[in-house]
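Read the figures in this text as sums done on the coordinates, not as results from a lab. Bear in mind the structure is a predicted one, so any value in this text is a computation, not a measurement. Every residue, glycine as well, gets a Cβ built from its backbone with ideal geometry; the counts of neighbours run over all protein chains shown.
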Amino acid sequence: MTTTIPAHVPTLAETAQRMTRGGRGVLAADESIKTMSARLEQEGIAASPTARRDYRELLLTADGLADSVSGIIFADETFGQQLTDGRGFPEAAHELGVLPGIKVDTGTSPLAGHDGALITEGLDGLGARLASYAERKAAFAKWRAVFDIRTITEYVARANGHALARYAALCQQYGIVPIVEPEVLCTGDHDLAACDRATRLALTALFDELRQAGVDLTGIVLKPNFVTPGLAAAPAPADVVARATFEVLHDIVPATVPGIAFLSGGHTTADACSFLHKLSGAPDLPWSVTFSFGRALVSAALQAWAGEPANVAAAQQKLLANCHEAANAIRRR
Ligand code: 5MM
């Protein structure tokens with residue numbers, strides 16, 4: 001008699017660890033249709049579902065991507081598309097050794113009564129969408145709250161933290177690891193202290209809400225911004241950014257959180273990698289730190305591709321070089 005040993009279904013904690021440990025990070029390729037179309041058009045490429053598909057296929061199939069990338073975040077459109085060989089994107093990602101993730105927020109709206117502040121939407125019907133993504137083998141999901149240092153208040157932080165916590169609790173019910181992303185934007189000419197204050201406000205409200213929602217903190221990945229001056233202000237040295245970022249996170253993020261994967265936020269690849277390198281060298285880090293960069297990994301590849309099949313290999317080399325640089329930033333000690 002033959003017995004079939006059921007395949008091990010990874011726990012939330014195991015998936016979160018796989019995403020953030022082992023010297024690899026997450027590639028954010030989940031631009032909404034609107035953002036992706038604008039980025040294609042900026043490079044002179046006519047935006048269409050096929051162009052967006054070809055671009056994401058180029059990213060996913062770069063040979064050796066899994067050496068430095070543990071997971072890739074897709075938007076809903078890509079998640080349901082097929083590669084040119086007929087495989088679905090999530091299936092192909094698993095086969096290539098990269099966990100597929102899905103962005104499930106539906107973007108931001110003005111937060112009524114709080115001039116200029118934004119609230120991230122997408123909770124309506126989220127359970128049904130997560131059930132469908134889980135069936136299609138999504139390993140993790142992402143929800144991004146967006147804060148501007150000029151409009152963030154305790155209420156704005158709490159409203160967005162509450163939505164993030166409800167999203168995270170729902171994801172865990174469906175066996176999907178939630179990436180929780182409270183992004184303090186670095187557009188503007190504010191100083192590092194202003195970003196420090198805003199990031200503390202956002203993270204404090206978030207972790208309070210996550211606890212109250214009963215979210216298992218061992219099964220999440222936090223995706224924060226680095227604590228930096230605004231992009232239009234005088235830059236701070238990488239070790240100053242790393243120290244400020246570490247202090248904020250150390251004060252607020254419990255050690256039970258397995259991994260922190262930073263967004264790049266409009267910083268150059270070199271800057272984002274050097275912040276990460278300095279930070280990951282800090283002694284006794286309670287969590288794994290890695291990257292979940294979007295623009296810092298893909299911008300050069302998109303430019304090199306320019307929509308031409310003949311440029312695919314060159315574009316993939318640009319992507320791989322940036323992914324290796326980011327992975328090296330967390331591996332070098
Ligand atoms: C890749 O861009 C993501 C989705 O953006 P939109 O919904 O606005 O189109 C974005 O959430 C991204 O995952 C994070 O902001 C990190 O990207 P960067 O470029 O800041 O590392």
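For the chain, what D do you get in µm² per second when you plug the Kirkwood radius from alpha-carbon pairs into Stokes-Einstein at 25 °C and 0.890 mPa s?
Taking Rh from Cα pairs, D becomes 123 µm²/s.
Dipole of the chain, Cα-centred, from +1 at each Lys and Arg C-beta and -1 at each Asp and Glu C-beta, to the nearest 20 debye?
Working: 29 positive and 36 negative charges, 97 e Å.
That gives a dipole near 460 debye.
Taking springs between alpha-carbon atoms closer than 10 angstrom, which of Leu170, Leu319, Leu111 fluctuates most in the Gaussian network model of the chain?
Leu111
Per 5 Å bin from zero, what fraction in whole % of the C-alpha pairs of region 102-197 is there, up to the bin with the longest pair?
Pairs per bin, as whole percents: 3, 13, 24, 20, 16, 11, 8, 4, 1, 0.
Where does each of 216-223, 246-253 land if you order them by average Cβ count within 10 Å, highest first?
Values: 216-223: 22.4, 246-253: 16.9.
With the highest mean Cβ count within 10 Å placed first, the list reads 216-223, 246-253.
Given the -39500 (n - 2.57) contribution per DSSP H run of 4+ residues, what per-residue ellipticity at 222 nm results for the chain, rounded to the nearest 500 deg cm²/dmol?
-14500 deg cm²/dmol
From the square roots a ≥ b ≥ c of the eigenvalues of the alpha-carbon gyration tensor of region 232-310, which class results: rounded (a/c under 1.5), prolate (a/b over b/c), or oblate? Walk me through the numbers before you get to the answer.
Working: a/c = 3.00, a/b = 1.82, b/c = 1.65.
Prolate, since a/c reaches 1.5 and a/b exceeds b/c.
Given R₀ = 35 Å, what would the calculated FRET efficiency be for Val9 paired with His324, taking r from the Cβ atoms and rounding to 0.05?
0.65
For a bin width of 10 Å, list the pair-distance distribution of region 194-274 built from all Cα-Cα distances, rounded to whole %.
Result, from short to long distances: 16, 50, 27, 7, 0 percent.
Just Glu31, Glu308, Glu43 to compare: in a GNM of the chain, with alpha carbon springs under 10 Å, which one fluctuates most?
In this elastic network of the chain, the residue with the biggest mean-square fluctuation among Glu31, Glu308, Glu43 is Glu308.
Assign unit charges at the C-beta atoms only (+1 for Lys and Arg, -1 for Asp and Glu), then state the dipole size of region 192-290 relative to its Cα centre in Debye, rounded to the nearest 20.
On the way: 6 positive and 9 negative charges, 27 e Å.
Charge dipole of region 192-290: 120 debye, to the nearest 20.
Which percent of Cα pairs goes in each bin when the distances of region 188-333 are cut into 5 angstrom slices starting at zero?
With a bin width of 5 Å, the distribution comes to 2, 10, 17, 20, 18, 14, 10, 6, 3, 1, 0.
Shape of region 1-134 from its Cα gyration tensor (a ≥ b ≥ c, root eigenvalues): rounded if a/c is under 1.5, otherwise prolate when a/b > b/c, or oblate? Mind dumping the intermediate values first?
Details: a/c = 1.89, a/b = 1.32, b/c = 1.43.
Oblate, since a/c reaches 1.5 and b/c is not below a/b.
Compute the separation of the alpha-carbon centres of region 220-249 and region 75-95 and state it in Å as a whole number.
Going from one Cα centre to the other spans 34 Å.
Rounded, prolate or oblate: which fits region 143-187, taking a ≥ b ≥ c as square roots of the Cα gyration tensor eigenvalues, rounded meaning a/c under 1.5, else prolate when a/b beats b/c?
On the way: a/c = 5.56, a/b = 2.04, b/c = 2.72.
It is oblate, given that a/c is not under 1.5 and a/b is not larger than b/c.
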